[in-house]
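Since the structure comes first, as structure tokens, the remarks are kept for the end.
The values are calculated or read from the model by the stated rules, or taken from the named source; none is laboratory data. The shown structure was predicted, so the numbers you read here are calculated from the model rather than taken from an experiment. For neighbour counting, all protein chains shown are included, and Cβ atoms are generated from backbone atoms with ideal geometry for every residue, glycine included. What goes into the accessible areas is simple: the full protein's heavy atoms, side chains included, and nothing from ligands, DNA or RNA. Shrake-Rupley method; radii C 1.70, N 1.55, O 1.52, S 1.80 Å.
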Amino acid sequence: MVVSAAVGLILAATLYAALALHRNPPSNVERIDPKTLHLTGEFTEDNLGTRLEDGKIVTRIVATQFFFVPRCVVVPEGQPVTLRLSSPDVIHGILVTGTNVNTMVVPGYVSQVHTVFRTVGNLLMPCHEFCGLGHSQMLARVQVVPADQFHPDQLGRASCAAQ
Ligand code: CUA
């Protein structure tokens, strides 16, 4: 009886977290060639960072030994944001402090996270998977601005420097 109650309680808590709080493991299975990541396709340099695409906010980041490109991304508060990450070299991991963003970045795949940033300010985004000697130096910044201060340019791009 006690074990059944404990199992039932854990199952209920898991379902509540998944369905009501939307705390789900990233499950996007999307392949990409890590060798040509920076040469063609969506992860080329001028396509990185935050973009407004068909009314959706998409932020693309490359995680590489031992930094993120770009080092800072800007996102609006209280709006759905899709983060897309990829790695050309080894396995990295990212989390954004104070949010539910937490995923591995595995070469050969695109890691995708949907989230809504609820607090304005600069959030740290460190690498949390040991990826080599420079691992501890590997960190980026997510600049969350009020929605009325989020102004993409005519190409739909928004960057920290422009804010
Ligand atoms: Cu990248 Cu640790």
Measure of exposure for H135: accessible area at 1.4 Å probe, Å² rounded to 10, is 40 Å²
Among V106, T14, P34, the residue whose Cα sits farthest towards the positive end of the charge dipole of segment 3-109 (+1 at Cβ of Lys and Arg, -1 at Cβ of Asp and Glu, taken about the Cα centre) is T14
Carbon plus sulfur, as percent of the 1.4 Å-probe accessible area of segment 1-93, comes to 63 percent
Of all DSSP beta bridges having both residues in segment 1-99, the percent classed as antiparallel (nearest 5) is 55 percent
Taking a crude spin-label model, label points 7 Å out from Cα along the C-beta direction, the V7 to E53 distance in nm is 4.4 nm
Length gained, I91-R141, 0.36 nm per residue minus C-alpha separation, equals 16.0 nm
Percent relative contact order for the chain, counting Cα pairs under 8 Å at least six residues apart, stands at 24 percent
Computed over the chain, protein heavy atoms only, probe 1.4 angstrom, the accessible area per residue in square angstrom equals 58 Å²
From most to least accessible, 1.4 Å probe, no ligand or DNA/RNA atoms counted, D33, D46, D89 line up as D46, D33, D89
Expected max-MSF residue from A12, A147, A63 in the GNM of the chain (alpha carbon, under 10 Å) is A12
The helix 2-19 Cα axis meets the longest alpha-carbon principal axis of the chain at an angle in degrees, between 0 and 90 and rounded to 10, of 30 degrees
Everything considered on the Cα gyration tensor (a ≥ b ≥ c; rounded for a/c under 1.5, else prolate if a/b is larger than b/c, else oblate), segment 37-82 must be described as oblate
Taking the chain and a Cβ-Cβ threshold of 4.7 Å, the cysteines left without a partner are C127, C131
Calculated from DSSP helices alone, with each H run of at least 4 adding -39500 (n - 2.57) and the total divided by the residues of the chain, [θ]222 nm to the nearest 500 comes to -3500 deg cm²/dmol
Rounded to the nearest 10 Å², the accessible area of I10 using a 1.4 Å probe with every protein chain kept is 110 Å²
Other residues with Cβ under 14 Å from the Cβ of T115 give, with Lys and Arg +1 and Asp and Glu -1, a net charge of +3
